[in-house]
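Participant: Starting off with a structure, shown below.
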Ligand code: SPD
């Protein structure tokens, strides 16, 4: 870290760009069995979590990510009783899932127990997601965990790190096939699918194989100012439901970003994405 600044520039995909935030100090630095975990306090963005030098979230804008990774699929599935969150060790996705009264059971499969422990201490406004009685956390490798589950989940949400390090296996075709098998017959999967500006080859490859696995495959966007390029996208893969024509007007309390208008708008992509997601 430069004195007084957090500099996130270790990701090769950024091609010399970086995100630089004015820091008030380091609160935690830990090397777990899997990855480097850091928490800083910042002048303008609240506390910030980095994993392997890449910004995972800031308190100031995490709502735009977590609301969109969760409320899009849960507003499309008519009765999402059983939900699996892959990754999600900060608790932000779980916090949003438990806002849905039709959800009865939430499994969180996080490989790194130390991420949860650090977030419980430093990011209680996210980690409170783990306190709901419907939530159970499994500290396992999701690529193995998912193989044991057949026809179990209504919705799977993959809130992963980047496709380097422990998160790499979550971007592979066999993982998407295993998730398909772990879903009920009308299940929906949403996965963190990176920035359309930085990861076009990755998104293309996800679409190429997912069109052979799921009957509906879409990419949608949210805005996160502290991520490089300021935007990040998600893959929406479904066995049955369409993200637009099957959208329900569920009343979800206490949201700051998600609305049904944002839901619809988030599937409208810039022209260059046509060839990226065409699957050709
Ligand atoms: N390139 C940054 C991707 C970060 C995605 N995961 C964020 C974790 C928030 N729960």
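Participant: Among 112, 90, which is within 14 Å of the ligand (Cβ to nearest atom) and either closer than 30 Å to residue 244 by Cα or in contact with a strand residue (DSSP E or B) (Cβ under 6 Å, 6 or more places away or on another chain) (or both)?
Facilitator: 90
Participant: Please determine, by comparing only the residues of the range 195-235 that are within 16 Å of the ligand (Cβ to nearest atom) and closer than 12 Å to residue 176 by Cα, which one is surrounded by the most Cβ atoms within 10 Å (Cβ to Cβ). Quick ask: steps written out before the conclusion?
Facilitator: Here is the first cut: in the range 195-235, the residues within 16 Å of the ligand (Cβ to nearest atom) are 195-203, 206, 219-235.
Narrowing further to those that are closer than 12 Å to residue 176 by Cα: 206, 235.
Numbers: 206: 26, 235: 23.
Per the stated criteria, the residue is 206.
Participant: If we scan the range 63-78, do we find a residue that is within 12 Å of the ligand (Cβ to nearest atom) and at pLDDT below 95? Step through it out loud before you land on a result.
Facilitator: Start the filter on the range 63-78 by keeping residues that are within 12 Å of the ligand (Cβ to nearest atom), which leaves 63-70.
Next, from what is left, pick out any that are at pLDDT below 95: none.
No, the range 63-78 contains no residue that is within 12 Å of the ligand (Cβ to nearest atom) and at pLDDT below 95.
Participant: Which one of the conditions (1) at pLDDT below 95; (2) under 17 Å from the mean Cα position of the chain (by Cα) does residue 234 fail to meet, given that it meets all the rest?
Facilitator: Condition not satisfied by residue 234: (1).
Participant: Before we move on, is residue 86 in the same structural domain as residue 212 (by TED's automatic domain parsing) and over 21 Å from residue 209 (Cα atoms)?
Facilitator: When the stated conditions are applied, residue 86 does not pass them.
Participant: For the range 210-231, which residues satisfy the criterion of being part of a strand (DSSP E or B), within 18 Å of residue 271 (Cα to Cα) and more than 16 Å from the chain's Cα centre (by Cα)?
Facilitator: Result: 217, single match.
Participant: Where residues in the range 151-178 are within 25 Å of residue 33 (Cβ to Cβ) and without any contact (Cβ under 8 Å) to a residue 60 or more places away in the chain, which of them is nearest to the ligand (Cβ to nearest atom)?
Facilitator: 163
Participant: Look at residue 144 and say whether it is over 18 Å from the mean Cα position of the chain (by Cα), under 24 Å from residue 37 (Cα atoms) and more than 12 Å from the ligand (Cβ to nearest atom).
Facilitator: yes
Participant: Filter the range 93-109 down to residues that are touching a strand residue (DSSP E or B) at 6+ places or on another chain (Cβ under 6 Å) and away from the ligand (no atom under 15 Å from the Cβ), then give me how many there are.
Facilitator: Qualifying residue count for the region: 3.
Participant: Please enumerate the residues belonging to the range 173-203 that are farther than 23 Å from residue 90 by Cα and not in a helix (DSSP H, G or I).
Facilitator: Within the range 173-203, 183, 184, 185, 186, 187, 196, 197, 198, 199 qualify.
Participant: Oh, and also: Residues that are surrounded by fewer than 24 Cβ atoms within 10 Å (Cβ to Cβ), part of a loop (DSSP other than H, G, I, E, B), within 12 Å of the ligand (Cβ to nearest atom) and over 17 Å from the mean Cα position of the chain (by Cα): does the range 7-27 have at least one?
Facilitator: The answer is yes; a qualifying residue exists.
Participant: Continuing with this model, one more query. Does the range 33-47 hold any residues that are more than 21 Å from the chain's Cα centre (by Cα) and surrounded by fewer than 17 Cβ atoms within 10 Å (Cβ to Cβ), and which are they?
Facilitator: Once the filter is applied, which keeps residues that are more than 21 Å from the chain's Cα centre (by Cα) and surrounded by fewer than 17 Cβ atoms within 10 Å (Cβ to Cβ), the range 33-47 yields 33, 41, 43, 44.
Participant: In this structure, is residue 207 in the same structural domain as residue 83 (by TED's automatic domain parsing), more than 14 Å from residue 69 (Cβ to Cβ), in contact with a strand residue (DSSP E or B) (Cβ under 9 Å, 6 or more places away or on another chain) and assigned to a loop (DSSP other than H, G, I, E, B)?
Facilitator: Spelling it out, it is not the case that residue 207 is in the same structural domain as residue 83 (by TED's automatic domain parsing), more than 14 Å from residue 69 (Cβ to Cβ), in contact with a strand residue (DSSP E or B) (Cβ under 9 Å, 6 or more places away or on another chain) and assigned to a loop (DSSP other than H, G, I, E, B).
Participant: Take residue 115 and tell me if it is crowded, with 22+ Cβ neighbours inside 10 Å, over 16 Å from residue 206 (Cβ atoms) and out of contact with any helix residue (DSSP H, G or I) (no Cβ under 9 Å at 6 or more places or on another chain). Walk me through how you get there before you give the answer.
Facilitator: Working: crowded, with 22+ Cβ neighbours inside 10 Å: yes; over 16 Å from residue 206 (Cβ atoms): yes; out of contact with any helix residue (DSSP H, G or I) (no Cβ under 9 Å at 6 or more places or on another chain): yes.
When the stated conditions are applied, residue 115 passes them.
The values are calculated or read from the model by the stated rules, or taken from the named source; none is laboratory data. What you see is a predicted model; the values in this text were computed from it and never measured. Every residue, glycine as well, gets a Cβ built from its backbone with ideal geometry; the counts of neighbours run over all protein chains shown.
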